[in-house]
Amino acid sequence: MTSLPKSYDPKEIESKWYKFWQQNAFFHAEASSDKPPYAIVIPPPNITGSLHIGHALDNTLQDCLIRWRRMQGYNTLWMPGTDHAGIVTELIMERKLAEEGTSRNELGREKFIERMWQWKDESAGYIVSQLQKLGCSCDWERERFTLDEGLSKAVRTSFVKLYNHVLIYRDTYMVNWCPMCNTAVSNLEVEPVEIDGHFYHIHYPVIDTDIVLEIATTRPETMLGDTAVAVHPDDKRYQHLIGKKALLPLCDREIPIIADDYVDTDFGTGALKVTPAHDMNDYEIGLRHNLEQLTIFTPDGSMNQDAGDNYVGLSRWDCRKKVVEDLENENYLVKIVPHRHAVGHHDRCGTIVEPAISLQWFLNVRPLAQRAIEATKKGEVKFIPERETSRFFHWMENIEPWPISRQRWWGHRLPIWYCNSCEKVTVTMDTPDRCECGSTDFHQDEDVLDTWFSSGLWPFSTMGWPQETEELKTFYPTSVLVTGWDILFFWVARMIMLGLACMDEVPFRTVYLHGLVADGKGQKMSKSKGNSIDPLETIETYGTDAFRFALASISTPIPYVPLPEAQIESGRRFANKVWNAARFIMMNLEKHPIPTIDERGEEPEPLEVQWIKSRLSHTIQTTTDAMENFRFYEVAQTLYAFLWHEFCDWYLEFAKQRLTKAEPYPLWVAADVLEQMMRLLHPLMPFITEEIWQQLPHGANKFDSDVNVSITIAPYPKPTTQNPTVEATMASVMEIIDNIRSIRGELNVPMGASVEVHIQAPNTEVRSRLETYLEQYLPAFTRVDGITIAESLPKPSNSAEAVIGDLAIYIPLAGVIDLEAEQARLTKRHQQAVKDVTSAQKTLENPNFIERAPENVVAQKRELLERLLIEQEKLERSLSMLTSS
């Protein structure tokens, strides 16, 4: 008896096979090998707890590629690892400390770092176990962490190199400041969020005149730091005031009225308050006009002494309320107008950031960006989809200096030392021994590097750089990077720039940027929105293979890819279909074992065997081409269509019919086709394919003995001969059978009832094919009393009709069904269908419904209408057949 249980239970087989793969080191890459290299570095997940749906999609697609190339004979390296994740991990630890009644400042830097390492040891192991649960075939012997000793050396080496090339420098400049995290953040870490705010219109009196300027601002508290009012030089409303001074309300301070081309005459009142220390654009205006930079906020977002005695110590939000109140009391407030606008939030903690002037370390990325642009134009890096190339160019051509210092503790500390005697700056790998002034007294910079700096070195630091290792010689540049389009600038662009800067070569040849998993409304799934799917819960419910197949199926080249639960359920049904097909074949092979080649002799190949072999070859070719071009959805669709429809729905039915005649050859071919299908399907569904493949007969000489151990290292199938003539012949037979079955189904012909089939076929060649094959194959799918095929024949009375080109199919129904009762039943259903269609159409024609209903509700209504129209058309066709009969 076959050892495949009657029902497929993924839990029983998944852990078993993953342990087997690891024990046999199938995932390990050789540092040097005669095989062609193929390498992917994993986008390292943050050590923040558990994987999310984005990780599941990302790593499923990478594993598909790695398993496929491994089967093709490549020396495959999938480099795993995790990211220390700087600020976001610190925030998690700070929340834990708060629950314990303490804080990071109370612990101090050293103790806090110890706690962080404890967290890393707990979290990273859990993340690895989740990746293994997903089936990821990473080279776990090479697992890395962005703060491990080797990567820390790489970070210091690259920093010193870039500093010595005068690309890293320190400057006082306007940056984004997070008052919650107390650190500078880059522009990319600021997420614009639409909020409901207000425009506050305020009077600024012009000194020595009766004129009052009306200024509109969304941030009235920042007026305490105003050092000018700006107008456009061509604005005739204000030209006569340029050079005069205005009185700053609440501060009793005079500020100049200046002319600057930045001012938009059509926005607001055309007069702009200028706060150089707290607005990016005002900062630039201040530099052009040499204005005072008056800082009024403390690092935590409170008001400092320069804000005035009435406001010092207030939070920025409390200060806003008091400023508005004071403006109103002193008759400076004109009006408050509701205004919805985008406000920058720190993407890690969600706090509204403050533009602030701060002394920071910067990396001048413009020269690096230019090299990256040139390399991409030369074809050294290819982006898929192609549209991402123009997005990459646009960003790189307009790139700004990157503020790389962070005022935090968890991360790579800047390799910068200051002499305590002369304050000279020394940038070096380790603590310097002696300063030029002779002093040996140094202190290291307190700041750490932006997390994305160490992540940017990932493709080569993980392979041992700055040492010249065998791994670097073999696998760098890597073959492909797979990641979401949303971190093209955060990570991908920086890896290309730093790869060129440190290795003088791009880090990867191809970048595949997949879409982000979305909910039914098209919104990105995220834990914070509460619309996300938990990968582990999904695996627990449906099994890993079903989940992976669903993820591959949705990977179309669009920015947001919806993952409805029905898609995962479809993956489970597909896994069950594969399992049941395997059981059928294996159970029948026990009765009809495959003979050796010597025992078998020459077997004449019936049409269905020639057809399935040709279709298999076509499937292999299509699948391979789709994998080469990252069309994972096409891989899934192609394999699903072939295995479910062509192989199970058609070929196995032919094989069953042959077995009733003691003709086992098509069954033996079915076993061979299934074996190849398991290899085709393995990259997407590794567990179920290994389980089935291990129990299938592979043939004595099919593979080398070392390959027979596991499907993981078995060769990926290659296409053979295709036979278009055979495929066309079988397609015509299948189409006729489909039409006959449709007539039976639509007209409610009982399953056990036999029918006569009359076919009018004017074409001699077609008629000859049908006479040869239809009687042979039709009984496998429906009960027939006889088949009549003629060049011309009259339509029998009381018969249903189907037309295919110049073919006419007639099925007499008298005595088979009650024609009047069936017509009454269909008429009643048709009348209801018309009502349902009319109702749905009226709803969709209602502009109020379209405008007010949620998008997903409108979409669901449109889908319903499509289904109703199909049902209506089907009923009309059935009624037409009955009426004509």
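The values are calculated or read from the model by the stated rules, or taken from the named source; none is laboratory data. The shown structure was predicted, so the numbers you read here are calculated from the model rather than taken from an experiment. Because the Cβ atoms are built from the backbone with ideal geometry, glycine has one as well, and the counts that use them run over all protein chains shown. In case anyone asks, the SASA skips ligands and DNA or RNA and just uses the protein heavy atoms, side chains included. Shrake-Rupley method; radii C 1.70, N 1.55, O 1.52, S 1.80 Å.
Quick look at the values:
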read-out	value
Condition met for TYR200 (among the hydroxyl-bearing types (Ser, Thr, Tyr) and either in contact with a Phe, Trp or Tyr (Cβ under 7 Å, 6 or more places away or on another chain) or part of a strand (DSSP E or B) (or both))	yes
Hey, THR483 over 26 Å from MET429 (Cα atoms), open to solvent by 10 Å² or more (accessible area, probe 1.4 Å) and modelled with pLDDT of 95 or more or not	no
Odd one out for TRP579, checked against (1) part of a helix (DSSP H, G or I); (2) under 22 Å from the mean Cα position of the chain (by Cα)	(2)
Qualifying residues in region 400-423 (those that are open to solvent by less than 20 Å² (accessible area, probe 1.4 Å) and without any contact (Cβ under 8 Å) to a residue 40 or more places away in the chain) - the one farthest from TRP117 (Cα to Cα)	CYS419
Considering residues of region 163-189 that are open to solvent by 30 Å² or more (accessible area, probe 1.4 Å) and of a type in the set (Val, Ile, Thr) only, the residue modelled with the highest pLDDT	VAL166
Considering residues of region 374-399 that are in a loop (DSSP other than H, G, I, E, B) and farther than 25 Å from ASP450 by Cβ only, the residue most open to solvent (accessible area, probe 1.4 Å)	LYS378
From LYS19, LYS35, residue being in a loop (DSSP other than H, G, I, E, B), charged (D, E, K, R) and not assigned by TED's automatic domain parsing to the domain that holds PHE632	LYS35
Residue match in region 543-559 (condition: open to solvent by less than 10 Å² (accessible area, probe 1.4 Å), in the same structural domain as GLY54 (by TED's automatic domain parsing) and under 15 Å from the mean Cα position of the chain (by Cα))	no
Hits in region 251-287 (condition: aliphatic (A, V, I, L, M) and open to solvent by less than 40 Å² (accessible area, probe 1.4 Å))	ILE255, ILE257, ILE258, ALA259, VAL263, ALA271, VAL274, ALA277, ILE285
Those residues of region 833-885 which are polar (S, T, N, Q), modelled with pLDDT of 85 or more and in a helix (DSSP H, G or I), in sequence order	THR838, SER839, GLN841, THR843
Of all residues making up region 71-86, the number that are part of a loop (DSSP other than H, G, I, E, B) and more than 23 Å from ALA124 (Cβ to Cβ)	3
Out of TRP17, TRP78, TRP68, sole residue that is surrounded by 24 or more Cβ atoms within 10 Å (Cβ to Cβ) and among the aromatic types (Phe, Trp, Tyr)	TRP78
Residue in region 783-796 that is assigned to a helix (DSSP H, G or I), surrounded by 12 or more Cβ atoms within 10 Å (Cβ to Cβ) and modelled with pLDDT of 85 or more present	no
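Residues checked against (1) touching a helix residue (DSSP H, G or I) at 6+ places or on another chain (Cβ under 9 Å); (2) assigned to a helix (DSSP H, G or I); (3) of a type in the set (D, E, K, R); (4) surrounded by fewer than 18 Cβ atoms within 10 Å (Cβ to Cβ):
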site: THR89; (1), (2), (3), (4): yes, yes, no, no
site: ARG95; (1), (2), (3), (4): no, yes, yes, yes
site: ALA98; (1), (2), (3), (4): no, yes, no, yes
site: ASN105; (1), (2), (3), (4): yes, yes, no, yes
site: TYR126; (1), (2), (3), (4): no, yes, no, yes
site: CYS136; (1), (2), (3), (4): yes, no, no, no
site: GLU141; (1), (2), (3), (4): no, yes, yes, yes
site: VAL155; (1), (2), (3), (4): yes, yes, no, no
site: LYS161; (1), (2), (3), (4): yes, yes, yes, yes
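So that you can scan it fast, the table gives a plain yes or no per residue for (1) assigned to a helix (DSSP H, G or I); (2) touching a residue at least 40 places away in the same chain (Cβ under 8 Å):
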position: ILE558; (1), (2): no, yes
position: VAL561; (1), (2): no, yes
position: GLY571; (1), (2): yes, no
position: ARG583; (1), (2): yes, yes
position: MET587; (1), (2): yes, yes
position: ILE612; (1), (2): yes, yes
position: ARG615; (1), (2): yes, yes
position: THR622; (1), (2): yes, no
